[in-house]
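> Sending over a structure as structure tokens; questions will come in a sec.
The values are calculated or read from the model by the stated rules, or taken from the named source; none is laboratory data. The shown structure was predicted, so the numbers you read here are calculated from the model rather than taken from an experiment. Backbone-built Cβ (ideal geometry, glycine too); neighbour counts: all protein chains shown.
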Amino acid sequence: MPPSTICWTGGANLSMSLVSRGESEDVIDLRPVLFINGFLLLVLATAMGIPAVVDLVSEDRDWRVFAISGMLTAFVALTLILGARPKDRASLTSRQAFMLTTVAWTSSAAFAALPFMFSEQHLRLTDAVFEAMSGLTTTGATVMIGLDHMPKGILIWRALLNWLGGEGIIIMAVAILPLLRIGGMQVFRMESSDKTDQIKARLNQVAGSITLVYLGFTALAAIAFWAAGMGRFDAVCHAMSAISTGGFSTSDAKLAHFNTAVQWVAVFAMIAGGSSFTLWTGPWKNGRPRVLDDAQTHWYLAFLGTAAGVLGAWQWAVNDMTPGVALRHAAFSVSSVVTTTGFVSTDFSAWGGFAHVVFFILAFIGGCTGSTGGGVKIFRWELLFALAGIHLKRLLHPHGVFVIHYNQRPIAQQVLDSVLGFVVMYFLTFAVFSLALTMVGLDLITALSGSASALANIGPGIGDVIGPMGNYRPLPDLAKWILAAEMLLGRLELFTVAVLFSRSYWRG
Amino acid sequence: MLDLRPVFQVVGTLLGILAVAMLAPALLDFRDGNDEWRVFVVSGGLTLFFGLAMVLGTRAPGCRHGIRQTFLAATFAWVVPPLFAALPLMYGPLQMDFTDAAFETISGLTTTGASNIHGLDVLPRGLLLWRALLNWLGGLGTIAMAVAVLPELAVGGMQMFRLEIPGPGERATTRTARVAWVILAAYGGVTLVLALLLWLAGMSGFQALAHAMATISTGGFSTSDASVGNFDNAAIEMIIMIGMIVGGMPFMLFFQLAKGNGKALLRDGQLRWYFALLALGTMGVSLWLMTSRGLGGLSALRFGAFTVVSVMTGTGMFTVEYGNWGGMPAAILFFLAFVGGCAGSTTGGIKVFRFQFLFADALVQMRRLLRPHAVLIASFNRRPIPEEVLGSVMGFLFVYALSFALLAMALAFLGLDFLTAVTGAASALANLGPGLGSEIGPGGSYAALSDPVKWLLAGGMLFGRLEMFTALVLFVPTFWRQ
């Protein structure tokens, strides 16, 4: 046994206790799921108060819609909380945790869609759900046109959805996914905070510090946006959707509507949103936060830098942009796609074939683990790269023993296995959903890029329809539902949802 | 210093075979009264000279044949012969420049079938036969690689297909020889049967032979610019389609059949997936043809099945120009191009078995989520898949995806549009042939592309044919150290 197994036993015992409890029941007990889900809906209902207040202050009639939707949501939430209150302490088995993640995201999106349907925008059900799902999964694909003239309530509601979705994702990535061993996330359970054996306890412990960092970043970004010349309202909205890597804007032209300084601020805000939030918390080492000593961060920054440099050079050499403008747009677009934000500073569809191919491929990279970004994630690519290197070495030394190290720690075979499974499922999902999109009538480029974009929770795709300056409104309804489902799958890291469809899940 | 003599031996022998093969077009041209026969004879003589020089000059008793020599030999066996095979194209009536000629022969020998010659219908028959022969020889080389070389080198999970250890009554060498003869006989036999059937269905004897060779090798060079569509004959299409399907099947199965082990055919999981994928793709494309193009059921099936089989097996023949079909068939074909045929066939691509491995593993992953401590092992044809094999497959897949991404980016960098760059890269790596879009789609030609683009594509074809790692390993520094 390699030494790495030692650090593993702690985690292994923990999940054994988790699962043995899960397996002792034949039928899954939904009460804790509904109970916790109720709390999440309550948060959503409270959040609806904010746009209501904003609309009330700016004397817009929509405040009633938000108030009523909020009350409705709160009513359902309270019913769930009171009705499903477990007798003893609430605790989750892993089966229930799987159920909770999917149910929570789906039900929140359903309730969050209410204001879109009944406000003055009067979106149809499909559009409203698409918009809400796109917001909560921090995708940022929109069906709304004419944002510049919309009441402030609906604008801040969209930004809030991004922001809440981002918060939910970090908590899920940090507290729940590692326990569930999704796609190699076990690695991150070896971080400082895995002494607890209860998801709830872990949640309380981790959530506090991370939320603080998240809030701090948002405030910083808002101030920076404001200092760079945005109005206060726009600054807050954009800060929320940048740190959450969501990508909803208050203007149809997105960030192209604002000045150069604002765009640079957005670049840094997006990069912060795509970095590992766990690593910003905790003690500093050598006088700097741990995030700077992390292998994933190094790859992430190196990757962003290279891609931005190449594209900037291309724009400068081929499309005659001045160096400064080329660098700004390249850095902006690359970080927008890699961190899966989906902001747009210029129509990069017009950059020609090379840019199309590069952005299409960048869409599969994704941010760091424990960030608000989606996609495959840098850490998994690192491991795959190492795996390919080992295969290469093994060809020459068939009997050698090779171990992959990550952050100076050996990686166990099981972790590699789950990373492998994840990536395979990712590309399979991408292929299946692209096929489904072409079946409802989309052309090849729209289908391929739309599917990649939804799965990675980016937002814009490539092509005339859903490109950076495009809009998802003209798509057929069926395509919108497919995309919304894909966003959810991508956001919940595939396996969390896929496992609900396996027979053994329900057999217990 | 690495002992390079075994490498020269192998490459020299292959050049000898290539030189002999050049006699066939020479004879045909001589009979037709084309002056070109001289070019073939001279090229053949030159090739033979170099081949013999390599073989005789490096002959040494008892030189060691290690794993590194095998890697080098495998790589150069695919890189050097196309350069000599290009001679007749350069000095023949076409007077192609070096880039075009090398592109054509690399495409031929890797059984890709991407062509930059326009006006095939009026070409002298010698050249047409030469192109078909390149496909055919390339197909044979591919099978030899997949059956004998790659499993031994453990490239990309191919170690699962090592020849089983012979029983006590049989020596390993005799068994290998027997396998080789059976496969060679099967390959030649199927080619002849196909040629005969095509001739009966209405092709001329020459066309029948050329198409049979390009079909069984899943190469795809045709004798007409309109490919198989030129004949507009359902029987011919049917025969070629079956030929392509056979070309995408593992040729080791013929050995099983020769042993009287017919049940192996039915039990092979890879074949089942292969046929299932073909059927699914055909269904999708045919349905689209029926609903969107208003074709009748039978003709939709005829065109749909042919196209799907041609793309998935990496042949690249076509009956209709599918480049302008809508999103759904384009997406189906695009994804199928990555799949390819079975291991041990003449096809390229990722291959069906790797998807099976990964799928089996993904299912195990899912079960493990619910039962972290159960011992769950992915299996293939009722054999457990060892951990290293899964690692190899994943490494392979990653490098495949990476090469695709880099190649597509490089192509786009040189000025191709999105569709041409992406499908061209996929098509070259999978040794398919045509891409999508107006330029390199079926019916189009690679002729108009710039020279760097052609070299990149040719490099992609070789890289894909060598299953990446065979070539990649040469760039590892320790490879060259003692």
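> Check A:TRP299 against each of (1) within 16 Å of A:LYS377 (Cα to Cα); (2) crowded, with 24+ Cβ neighbours inside 10 Å and name the one condition it does not meet.
All conditions are met except number (2).
> Of the numbered conditions (1) closer than 30 Å to A:SER349 by Cβ; (2) within 11 Å of chain A (Cβ to nearest Cβ); (3) at pLDDT 85 or above, B:VAL389 fails exactly one; give the number of that condition.
Among (1) closer than 30 Å to A:SER349 by Cβ; (2) within 11 Å of chain A (Cβ to nearest Cβ); (3) at pLDDT 85 or above, B:VAL389 violates only (1).
> For B:ASP29, state whether it is more than 27 Å from the chain's Cα centre (by Cα), among the acidic types (Asp, Glu) and not in a helix (DSSP H, G or I).
No, not satisfied.
> Hey, another quick one. Among the candidates A:ILE154, A:ILE145, A:ILE171, which residue alone is surrounded by fewer than 22 Cβ atoms within 10 Å (Cβ to Cβ), in a helix (DSSP H, G or I) and β-branched (Val, Ile, Thr)?
Answer to the selection: A:ILE171.
> Quick one: in the stretch A:413-432, of everything that is within 7 Å of chain B (Cβ to nearest Cβ) and more than 11 Å from B:MET394 (Cβ to Cβ), which residue is surrounded by the most Cβ atoms within 10 Å (Cβ to Cβ)?
Checked the stretch A:413-432; the qualifying residue surrounded by the most Cβ atoms within 10 Å (Cβ to Cβ) is A:SER418.
> Still on this model: For the stretch B:420-440, check the following and say yes or no: at least one residue is at the interface with chain A (Cβ under 8 Å from one of its Cβ atoms) and touching an Asp or Glu at 6+ places or on another chain (Cβ under 8 Å).
Yes, the stretch B:420-440 contains at least one residue that is at the interface with chain A (Cβ under 8 Å from one of its Cβ atoms) and touching an Asp or Glu at 6+ places or on another chain (Cβ under 8 Å).
Listed here are the residues, each with its yes/no results for (1) farther than 20 Å from B:SER224 by Cβ; (2) more than 14 Å from every other protein chain (Cβ to nearest Cβ); (3) among the charged types (D, E, K, R); (4) in a helix (DSSP H, G or I).
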| position | (1), (2), (3), (4) |
| --- | --- |
| B:GLY113 | no, yes, no, no |
| B:ASN116 | no, yes, no, no |
| B:GLY138 | yes, yes, no, yes |
| B:ILE143 | yes, yes, no, yes |
| B:VAL149 | yes, no, no, yes |
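> Which count do you get for residues in the stretch B:51-75 that are within 14 Å of chain A (Cβ to nearest Cβ) and at pLDDT 90 or above?
4
> Is it true that some residue in the stretch A:448-471 is at pLDDT 90 or above, part of a loop (DSSP other than H, G, I, E, B), more than 14 Å from chain B (Cβ to nearest Cβ) and surrounded by fewer than 21 Cβ atoms within 10 Å (Cβ to Cβ)?
Yes, the stretch A:448-471 contains a residue that is at pLDDT 90 or above, part of a loop (DSSP other than H, G, I, E, B), more than 14 Å from chain B (Cβ to nearest Cβ) and surrounded by fewer than 21 Cβ atoms within 10 Å (Cβ to Cβ).
> Testing A:LEU92 on (1) among the aliphatic types (A, V, I, L, M); (2) in contact with a Pro (Cβ under 6 Å, 6 or more places away or on another chain); (3) assigned to a helix (DSSP H, G or I), one condition comes back false. Which one is that?
(3) is the only condition that A:LEU92 fails.
> Does B:ALA330 meet the test of being modelled with pLDDT under 90 and within 12 Å of chain A (Cβ to nearest Cβ)?
no
> Residues to consider are B:ARG481, B:ARG465; find the one that is of a type in the set (Lys, Arg) and surrounded by fewer than 21 Cβ atoms within 10 Å (Cβ to Cβ).
The conditions single out B:ARG481.
> Can you confirm whether B:PHE255 is touching a Lys or Arg at 6+ places or on another chain (Cβ under 9 Å) and either buried (at least 20 other Cβ atoms within 10 Å of the Cβ) or in contact (Cβ under 8 Å) with a residue 12 or more places away in the chain (or both)?
Criteria met by B:PHE255.
> Given (1) more than 10 Å from every other protein chain (Cβ to nearest Cβ); (2) closer than 29 Å to A:VAL419 by Cα; (3) surrounded by 24 or more Cβ atoms within 10 Å (Cβ to Cβ); (4) at pLDDT 90 or above, where does B:THR315 come up short, assuming only one miss?
Status for B:THR315: all satisfied but (2).
> Just one of (1) under 30 Å from A:ALA479 (Cβ atoms); (2) more than 7 Å from every other protein chain (Cβ to nearest Cβ) trips up B:ALA362, so point out which.
Of everything listed in (1) under 30 Å from A:ALA479 (Cβ atoms); (2) more than 7 Å from every other protein chain (Cβ to nearest Cβ), B:ALA362 misses just condition (2).
> Just to be sure I understand, how many residues within the stretch B:227-266 are among the acidic types (Asp, Glu) and outside any helix (DSSP H, G or I)?
1
> Could you go through the stretch B:332-342 and let me know if any residue there is without any contact (Cβ under 8 Å) to a residue 40 or more places away in the chain and either buried (at least 24 other Cβ atoms within 10 Å of the Cβ) or assigned to a helix (DSSP H, G or I) (or both).
yes
> Sticking with this structure for a sec: Kindly provide the set of residues from the stretch A:387-412 that are in contact (Cβ under 8 Å) with a residue 24 or more places away in the chain and within 11 Å of chain B (Cβ to nearest Cβ), ordered by number.
Across the stretch A:387-412, the qualifying residue is only A:LEU387.
> Separate question: Of B:LEU48, B:LEU27, which residue is modelled with pLDDT of 90 or more, surrounded by 14 or more Cβ atoms within 10 Å (Cβ to Cβ), of a type outside the set (S, T, N, Q) and under 19 Å from B:LEU209 (Cα atoms)?
B:LEU27
> Would you check which residues across the stretch A:335-374 are surrounded by fewer than 24 Cβ atoms within 10 Å (Cβ to Cβ), more than 11 Å from every other protein chain (Cβ to nearest Cβ) and outside any loop (DSSP other than H, G, I, E, B) and list them?
Selection gives A:ALA350 alone.
> I'm trying to understand the selection: among the residues of the stretch A:51-98, which are of a type in the set (Ser, Thr, Tyr) and touching a helix residue (DSSP H, G or I) at 6+ places or on another chain (Cβ under 7 Å)?
A:SER58, A:SER69, A:THR73, A:SER91, A:THR93, A:SER94, listed by residue number.
> What are the residues in the stretch B:333-348 that are away from every other protein chain (no Cβ under 14 Å) and of a type outside the set (Ser, Thr, Tyr), if any?
Selection gives B:GLY340, B:GLY341, B:CYS342, B:ALA343, B:GLY344, B:GLY348.
> Hey, among the residues in the stretch B:318-331 that are surrounded by 24 or more Cβ atoms within 10 Å (Cβ to Cβ) and touching a residue at least 60 places away in the same chain (Cβ under 8 Å), which one's nearest to the chain's Cα centre (by Cα)?
Ranking the qualifying residues of the stretch B:318-331, first place goes to B:PHE318.
> Filter the stretch B:76-95 down to residues that are surrounded by fewer than 20 Cβ atoms within 10 Å (Cβ to Cβ) and either assigned to a loop (DSSP other than H, G, I, E, B) or within 14 Å of another protein chain (Cβ to nearest Cβ) (or both), then give me how many there are.
Residues flagged as surrounded by fewer than 20 Cβ atoms within 10 Å (Cβ to Cβ) and either assigned to a loop (DSSP other than H, G, I, E, B) or within 14 Å of another protein chain (Cβ to nearest Cβ) (or both) within the stretch B:76-95 amount to 3.
> Sort through A:GLY229, A:GLY165, A:GLY274, A:GLY246 and tell me the only one that's over 30 Å from A:MET99 (Cβ atoms) and modelled with pLDDT of 90 or more.
Answer to the check: A:GLY229.
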